[in-house]
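Everything below concerns the one structure shown next.
Just so you know, all these numbers are worked out from the coordinates, no wet-lab data involved. Computed from a predicted model, the values in this text were never measured in an experiment. Note: ideal-geometry Cβ built from the backbone for every residue, glycine included; neighbour counts use all protein chains shown.
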Amino acid sequence: AFMYGQTGSGKTHTMLGQPQEPGVMPEAVEELMAAALRDDDFDYKFGVSYVEIYNEKVKDLLNPDSQADLEVREDAKHGTHIQGAVELAVGSAAEIMEHMQRGSVYRTTEATNCNEVSSRSHAVLQVTVKAVQRYGEGGGSKRRLAKLSLIDLAGSERAYKTDNRGQRLVEGRNINRSLLSLA
C-alpha cells in the first residue's frame with residue numbers, strides 16, 4: 001500500500017493516524033494479526049522491519065546506528081528484502097506499532113514552504129508472516145511466507161511551487177526520482 005500526494009496533503013496522518021483514529025498502518029496490522037488468530041490450521045510467526053529511503057539511500061529506522069546505505073536484494077528464499085536491515089520478532093499489532101513509533105523518531109523531516117514538518121524520506125514498514133501447517137497431510141511440512149509492505153511516501157513536489165533551494169531542492173529531486181523506482 002502506497003500513500004501518495006503533495007507535501008502537506010496528509011499522507012503521514014492517513015497512514016499513521018492518531019490513537020483515537022488509527023490510520024491505514026495500524027488498521028492493516030491489526031487485521032493481519034486478527035486473521036492469524038482466527039486460523040486454526042497454521043502456526044504464525046511475525047517479524048517487522050522499518051526503513052527509510054532518503055536521497056537514494058536506505059537506512060534502518062529500527063537500528064539507527066547501522067550503516068546508512070543498505071542494499072535492496074531479491075532472491076528465491078527471502079524474496080525482496082533489505083540486506084542488513086533488522087527484522088524483529090513480534091507477537092502483537094501493538095508491538096509492531098511500538099517499533100514503528102520508535103523508528104519514526106529517526107525519520108528525516110525538515111520544514112519547507114509547504115509544510116512545517118515535512119517527511120523528506122519514504123518510510124517502508126514491512127511485516128513478514130511465516131506460517132506452518134499444524135495438522136493434516138504433511139502436518140508441519142506446508143509452509144507459507146508473505147510480506148505486507150506499507151509505505152508512507154515523502155511529499156511529491158514541484159520546485160517552482162515550493163521555492164526549495166540547496167539541500168531541499170536536491171531532496172525534492174531524489175524524492176520524485178525514487179517514487180518511480182518504488183512504483
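Take every Cα pair under 8 Å in segment 1-111 that's 6+ residues apart, average their separations, divide by the length, and report that relative contact order as a whole percent.
Relative contact order, segment 1-111: 21 percent.
Counting only C-alpha contacts under 8 Å and six or more residues apart, can you give the relative contact order of segment 40-99 as a whole percent?
32
Quickly work out the Ser9-to-Val72 label distance, labels modelled 7 Å from Cα along the C-beta direction, and quote it in nm with one decimal.
2.0
Counting only the backbone N, which residues of segment 60-84 are under 17 Å from the spot 7 Å out from the Cα of Leu145 toward its beta-carbon?
Label zone hits: 72-84.
With 22 Å as the limit, write out which pairs from Lys45/Lys142; Lys77/Lys147; Lys57/Lys77 have Cα-Cα distances beyond it, or answer none.
Checking Cα-Cα distances, Lys57/Lys77 exceed 22 Å.
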